[in-house]
Amino acid sequence: EVTVSGSKNVVLKAIIAACLTSQPVEVKNIPLISDVFVMLELVKEIGGHVKLSGHTVKIKVERIRSSKIPLEMGAKIRTSSMFLAPLLARKGEALIPNPGGCRIGSRPIDWHIKGLIKMGAESKYNSRDGYFHVKTNGLVGTTYNFEKNTHTGTETLLMAAVLARGRTILENAAYEPEVDYLIKLLNSMGAKIRRTKPRTIIIDGVEELHGTSFEIPPDRNEVVTFAILSALTGGQIYIKNANPADIKNFTDQFLKVGGK
């Protein structure tokens, strides 16, 4: 028997979403992995308070005191670039280092920046200090079509749009379950987001968000890893705390090739 941890790709975005409000946000079932600890340190760097107890963390960012993500910390984790959303929405400026994390080929954040520019931001990349310098006098709604489907790009613009003035329509948006979990979290904080088509998301900006409590779903990548391991070793692994709906694409193919 194995128990699956909370989703890495949901918890990292949930931590950033918590920075969009001055009220406390409770995040439960968090995986205790290095990326989570880095992200929580970054919350502290911008002025937030963090209280970790077991697999639950309470985050409160009453006021953003710093718009700068430290270079050495931001370089450790790619998701650090997504702090663009709360920093621009609440502070009007963001200094974000060129993101780090895993290097799966070329992974630029061009589409994140282009979308934010269309929402009223100005951005310059300084190759000497390694920072994106981004400013805005107020984000506004827009219609933006991603040139290439991007998971983190969709989520960055989602979080930027919830506090922007007016309506934002994201076309060719990412369709992974993790994106819908982020939408669920933001809506529980008072956002107005709906997916009208598989790759179309409409966000109506609101004045402010409020606190909430949110439980991180199981990590589907971890479920799939154990499922494959079970098939390779005779099928005697019982995977607890898994959500079948999140791995349907995998199980459909798994059954086709003779899995049970």
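The values are calculated or read from the model by the stated rules, or taken from the named source; none is laboratory data. These numbers come from a predicted model, not from an experiment. Cβ: placed from backbone, ideal geometry, glycine included. Neighbour counts: every protein chain shown. With ligands, DNA and RNA removed, areas are computed over all heavy atoms of the protein, side chains included. Shrake-Rupley method; radii C 1.70, N 1.55, O 1.52, S 1.80 Å.
Give the residue, chosen from Ile183, Ile202, Ile169, that is buried (at least 16 other Cβ atoms within 10 Å of the Cβ), in a helix (DSSP H, G or I) and without any contact (Cβ under 8 Å) to a residue 40 or more places away in the chain.
On inspection, the qualifying residue turns out to be Ile183.
Inspect all residues belonging to the range 95-113 and state whether any of them is within 23 Å of Val206 (Cα to Cα), in a helix (DSSP H, G or I) and modelled with pLDDT under 95.
Yes; the residues of the range 95-113 include at least one that is within 23 Å of Val206 (Cα to Cα), in a helix (DSSP H, G or I) and modelled with pLDDT under 95.
If you go through the range 38-86, how many residues are crowded, with 21+ Cβ neighbours inside 10 Å, among the small types (Gly, Ala, Ser) and at pLDDT below 95?
Selection size over the range 38-86: 3.
If you take the residues in the range 142-161 that are surrounded by fewer than 19 Cβ atoms within 10 Å (Cβ to Cβ) and closer than 21 Å to Ile16 by Cβ, which one is farthest from the chain's Cα centre (by Cα)?
Among residues in the range 142-161 that are surrounded by fewer than 19 Cβ atoms within 10 Å (Cβ to Cβ) and closer than 21 Å to Ile16 by Cβ, the one farthest from the chain's Cα centre (by Cα) is Asn149.
On the given criteria, is Phe214 crowded, with 17+ Cβ neighbours inside 10 Å, of a type in the set (Phe, Trp, Tyr) and in contact (Cβ under 8 Å) with a residue 24 or more places away in the chain?
In short, yes.
For Ile96, all conditions in the list (1) without any contact (Cβ under 8 Å) to a residue 60 or more places away in the chain; (2) under 25 Å from Ile216 (Cα atoms); (3) under 17 Å from the mean Cα position of the chain (by Cα); (4) open to solvent by less than 20 Å² (accessible area, probe 1.4 Å) hold save one; what is the number of the exception?
(2)
If you check Glu1 against the conditions, is it charged (D, E, K, R), in contact with a strand residue (DSSP E or B) (Cβ under 7 Å, 6 or more places away or on another chain) and more than 18 Å from Leu158 (Cα to Cα)?
Yes, satisfied.
What are the pairs with Cβ atoms under 7 angstrom where one residue, in the range 36-55, is more than 16 Å from Gln23 (Cα to Cα) and the other, located anywhere, is of a type in the set (Phe, Trp, Tyr)? Sequence gap at least six, or different chains.
Leu42/Phe83
Scan the range 231-260 and report the pairs whose first residue is of a type in the set (A, V, I, L, M, F, W, C) and whose second residue is in a loop (DSSP other than H, G, I, E, B) and open to solvent by 80 Å² or more (accessible area, probe 1.4 Å), with Cβ atoms within less than 8 Å and a gap of 6+ or a chain change.
Matching pairs, first to second residue: Ile237/Glu1.
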